[in-house]
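K.L.:
Input: one structure, supplied below.
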Amino acid sequence: MNLLIADDEKFFAENLKHLLKSGTSFHIDLAFDGDEAVKQIENEKYDAYILDINLPFQTGDKLAKIIAEKYMSPKIIFISAFSQLAKELKANYPQFPILEKPFEINQLIKLLN
């Protein structure tokens, strides 16, 4: 599975990548801001996108719109440390799951499979 993780918390994103790669065959790219994520989305097709809601330059919901316009039925999982933002986003994007940080890695793996 080819994944893109977009999160501006580098330590979190790198740890998440490490945890997901342990025992899986996932190929994972990282983006640390919205603009970097847009470049990767334009140049690579991913099986799933793990998007932080509160990214600099392009927010997670803006990235979701870009992805949804480019690909039919994308697998997008939002992540956020801000429960209020997560609740607001859930109302606008009920088709995409949202995990609130901190979350169990097994929750994410279950959503990816």
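K.L.:
Roughly to the nearest percent, how much of the accessible area of the chain is carbon and sulfur, given a 1.4 Å probe?
P.N.:
C and S fraction of accessible area: 51 percent.
K.L.:
Sticking with this structure for a sec: Within 12 Å, Cβ to Cβ, of residue 5, how many net charges do the neighbouring residues add up to if Lys/Arg are +1 and Asp/Glu are -1?
P.N.:
Here the count lands on -4.
K.L.:
Under a Cβ-only charge scheme (Lys and Arg +1, Asp and Glu -1), can you give me the dipole magnitude of the chain about the Cα centre, in debye to the nearest 20?
P.N.:
Dipole of the chain, to the nearest 20 debye: 360 debye.
K.L.:
Would you mind working out the accessible area per residue for the chain, using a 1.4 Å probe, and quoting it in Å²?
P.N.:
Averaged over the residues of the chain, the accessible area is 55 Å².
K.L.:
Kindly state, as a whole number, the per residue volume in cubic angstrom of the convex hull around the alpha carbon atoms of segment 1-52.
P.N.:
Working: hull volume 2.9 nm³, N = 52.
Normalising the Cα hull of segment 1-52 by residue number yields 55 Å³.
K.L.:
Also, I was wondering about something else. Using a 10 angstrom Cβ neighbour count of at most 16 plus a DSSP loop assignment to flag exposed GluC sites (Glu not before Pro), which longest range of the chain is free of such sites?
P.N.:
Values: sites that count: 9, 44, 104.
Longest run free of exposed loop sites: 45-103.
K.L.:
Tell me, what is the percent relative contact order of the chain, built from C-alpha pairs under 8 Å that lie six or more residues apart?
P.N.:
24 percent
K.L.:
Continuing with the same structure: Bin width 5 Å, alpha-carbon pairs only: give the P(r) of the chain as whole percents, running from 0 to the bin holding the largest distance.
P.N.:
Bins of 5 Å from zero give 2, 12, 26, 27, 22, 9, 1 percent of pairs.
K.L.:
With springs connecting C-alpha atoms under 10 Å apart, model the chain as a Gaussian network and identify which of 75, 62, 21 has the largest mean-square fluctuation.
P.N.:
In the Gaussian network model the winner is 21.
The values are calculated or read from the model by the stated rules, or taken from the named source; none is laboratory data. Note that the structure is predicted; figures quoted are calculated from it, not measured. Reconstructed Cβ throughout: ideal geometry from the backbone, glycine too, with neighbour counts over all protein chains shown. All accessible areas refer to the heavy atoms of the entire protein, side chains included, with ligands and DNA or RNA removed. Shrake-Rupley method; radii C 1.70, N 1.55, O 1.52, S 1.80 Å.
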